[in-house]
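Structure first, commentary second.
The values are calculated or read from the model by the stated rules, or taken from the named source; none is laboratory data. This is a predicted model, so every value here is computed, not measured. Virtual Cβ from ideal backbone geometry, glycine too; neighbours counted across all protein chains shown. Areas reflect the complete protein model, heavy atoms only, side chains present, ligands, DNA and RNA absent. Shrake-Rupley method; radii C 1.70, N 1.55, O 1.52, S 1.80 Å.
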Amino acid sequence: MRPGVLLAVLLTLTGTPAWADTQPAEQGRGDAVRVTSLNDGRFRFVLGPTQFVLNLESSISGCTGPLYDGATGEQYGGNVRARVLDEVRRAGFWYVVMQVSTNTGCNVQGLCGAGLSTDVLWLKLDGRLRPVARQAASVEDCGTDTELARFDGRKPEGGDTRLEMRGGVLSLESRQDDYTRKVTTVTALRYDRRFPERGLLRSTRQMPLN
């Protein structure tokens, strides 16, 4: 996909230019903690006068740097999109679950350059929005042949997957195909907002690659 076409697609899907310095997360109007992506793997969390910038780059499987054209060297800025799936306050802590979507590769002309990666992040923040604990799960990634096999939500043609919770529960399965070992690994992921302190519960099973 040519860079101009890719950027037009990103603008259409996100409503924000891919080269924007920041992108507010998609979240409910009633969410007390407001989240903004700084487009480089860092996120700003704001609660009234309190704010904290948290670097989550190591928890994101896709590109957190500038997008660029490997053939021309042109750069287009970062494009790290976020959706807040759940936000709960319990015993003085804030629990935030986010879906983070990125381009798999930074080189838009390279392998998986136009592919998408989706991660689910669980964060436990104290009253000053400082991180106490975190978990991350890659559920969709072109570079590792990981794809969603079951989830609530929808996947627009050529766009970011939109994960949704049902009955206060996020439940999904992703599969990763290992063509060298001829094995498929299926990972089940579950989060229940009634027990946010339990975080992301995962289980895996393997089967022969069909």
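Data table
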read-out: In the stretch 59-82, residue modelled with the lowest pLDDT [restricted to those that are among the hydroxyl-bearing types (Ser, Thr, Tyr) and either more than 26 Å from Gly92 (Cβ to Cβ) or in a loop (DSSP other than H, G, I, E, B) (or both)]; value: Tyr76
read-out: Boolean, Gln135 is surrounded by fewer than 20 Cβ atoms within 10 Å (Cβ to Cβ), under 21 Å from Arg194 (Cβ atoms) and in contact with a Gly (Cβ under 7 Å, 6 or more places away or on another chain); value: yes
read-out: Output for the stretch 19-45, where each listed residue is without any contact (Cβ under 8 Å) to a residue 60 or more places away in the chain, among the hydrophobic types (A, V, I, L, M, F, W, C) and assigned to a strand (DSSP E or B); value: Phe43
read-out: Of the criteria (1) surrounded by fewer than 17 Cβ atoms within 10 Å (Cβ to Cβ); (2) at pLDDT below 95; (3) not polar (S, T, N, Q), which one Gly153 fails; value: (2)
read-out: Residues located in the stretch 65-86, provided they are over 23 Å from Arg193 (Cβ atoms) and within 11 Å of the chain's Cα centre (by Cα); value: Val80
read-out: Residue list for the stretch 29-86, filter: aromatic (Phe, Trp, Tyr) and under 16 Å from Gly110 (Cα atoms); value: Tyr68, Tyr76
read-out: Neighbours by Cβ (under 8 Å, 6+ apart or cross-chain): first from the stretch 123-148, on the phi > 0 side of the Ramachandran plot; second surrounded by 15 or more Cβ atoms within 10 Å (Cβ to Cβ) and of a type in the set (D, E, K, R); value: Asp145/Asp177
read-out: Any hit, the stretch 90-113, residues being open to solvent by less than 40 Å² (accessible area, probe 1.4 Å) and of a type in the set (D, E, K, R); value: no
